[in-house]
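A short write-up of the structure that comes next.
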Amino acid sequence: MEMTTLYLDRKGLELVRDGGRMMLYPAGIAGSGIPLTGISRVVIRGDVTLSSGLLGVLAEQGVGVLMLSGRHGRRTACLLGRPHADVARRLGQYRLFFDPRQRLAWSWRLIAAKLTAQHRGLEQALAGRPDQRRVLTGALRSIESIRDKVKDAENLEVLNGYEGAAAAAYFRGYGALFPLELTFSKRTRRPPTDPVNACLSLAYTLVHFEGVQACQGAGLDPFLGFFHQPAYGRESLACDLIEPLRPRIDNWVWRLFRQRTLRADNFRQEDSACLLGKAGRQRFYRDYEATAPAWRRWLRQQSRIMARRVLALSPQEILPAVKEPRS
């Protein structure tokens, strides 16, 4: 059974534990109860108060908590439950990281899958936008050409270059799918400058958190990736895992606008930032929850595959390399 996400996107909310329930107290309104069972993650946006007792229970039950800033919806913090008890998985992951051949093999499969998904997404979009055939066909041919070269990448630097070139070609085609009123032409972040980028940023943030949860649940270290280099404060393995999902997320965002689930009037401009309004966010969350279960299953599956791979590396192969400190 797919677990539920609780979205708290309203100022002045207070959430406390009451037995086996969470009691939600909006300002000036009597509280309502939410059963703790069946909740797998909580997404909080803006000024919401949680009791320490409730946070402890959520952590004990493995419920992740993602906190987003009120204005731009950027991730400010996330809380996860207890880590997986099998340290052998993380030891194997660290050993794999220091094997250039294994890192490249993992990264090659990752990027090959992403490029295949990019190609499939634009190919499917062509049926809905035949008027953009020239742009889309050009993007498809570019991705095909780059995909043929990926398997011959000699190192991660070369592979990263191919991935970047494919992304540039892909977004040239993807940008042609949207009406001009949305002013989307390229990927922009921090802040997103148009409605499409605002939705892409929020969707990527949510799916990245799903990836972090999947890594932790499989006993892996979310911060140590293979294609994405380690970076301060970034869960690089989660970044790795969601790469092949990005084209599917992009296609879902296109569908939001194509089916008019979201429209330009759901957004507003503040300075250089484009912000999704509250009514639009409610529609976004509802549609996301209808679509995300398949992505979550895929992330869990890939995390388990990686965990089995690193478990094949015996911890005894790692420990002798650690020398005792000299007195």
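The values are calculated or read from the model by the stated rules, or taken from the named source; none is laboratory data. Bear in mind that the values here come from a model prediction, so they are computed numbers and not experimental data. With ideal geometry, Cβ positions are generated from the backbone for all residues, glycine too; neighbour counts draw on all protein chains shown.
Identification of strands (runs of 3 or more DSSP E) wholly contained in segment 35-145 with 3 or more residues that are under 24 Å from the mean Cα position of the chain (by Cα) and surrounded by 20 or more Cβ atoms within 10 Å (Cβ to Cβ) yields 39-45, 64-68. Among the residues making up segment 292-321, those that are at pLDDT 80 or above and exposed (fewer than 15 other Cβ atoms within 10 Å of the Cβ) are Pro293, Ala294, Arg297, Gln301, Ile305, Arg308. A Cβ distance below 7 Å, combined with a sequence gap of six or more or placement on separate chains, defines the contacts here; from segment 157-173, residues that are part of a helix (DSSP H, G or I) reach residues that are basic (Lys, Arg) in the pairs Tyr162/Lys149; Phe171/Lys186; Phe171/Arg187. So for segment 82-103 (the condition being under 26 Å from Asp250 (Cβ atoms), in contact (Cβ under 8 Å) with a residue 24 or more places away in the chain and either touching a Ser or Thr at 6+ places or on another chain (Cβ under 9 Å) or of a type in the set (Phe, Trp, Tyr) (or both)), does at least one residue qualify? No, every residue in segment 82-103 fails to be under 26 Å from Asp250 (Cβ atoms), in contact (Cβ under 8 Å) with a residue 24 or more places away in the chain and either touching a Ser or Thr at 6+ places or on another chain (Cβ under 9 Å) or of a type in the set (Phe, Trp, Tyr) (or both). Can you tell me which residue within segment 219-238, out of those that are surrounded by fewer than 24 Cβ atoms within 10 Å (Cβ to Cβ) and among the aliphatic types (A, V, I, L, M), is modelled with the lowest pLDDT? Among residues in segment 219-238 that are surrounded by fewer than 24 Cβ atoms within 10 Å (Cβ to Cβ) and among the aliphatic types (A, V, I, L, M), the one modelled with the lowest pLDDT is Ala231. The listed residues are Ser107, Ser69, and the only one of them that is among the hydroxyl-bearing types (Ser, Thr, Tyr) and not assigned by the TED database to the domain that holds Asn197 turns out to be Ser69.
Could you say whether any residue in segment 265-279 is in contact with a strand residue (DSSP E or B) (Cβ under 8 Å, 6 or more places away or on another chain), within 24 Å of Pro191 (Cβ to Cβ) and of a type in the set (A, V, I, L, M)? Yes, some residue in segment 265-279 is in contact with a strand residue (DSSP E or B) (Cβ under 8 Å, 6 or more places away or on another chain), within 24 Å of Pro191 (Cβ to Cβ) and of a type in the set (A, V, I, L, M).
In segment 56-69, of all residues being in contact with a strand residue (DSSP E or B) (Cβ under 6 Å, 6 or more places away or on another chain) and touching a residue at least 40 places away in the same chain (Cβ under 8 Å), the one that is farthest from Glu210 (Cα to Cα) corresponds to Val57.
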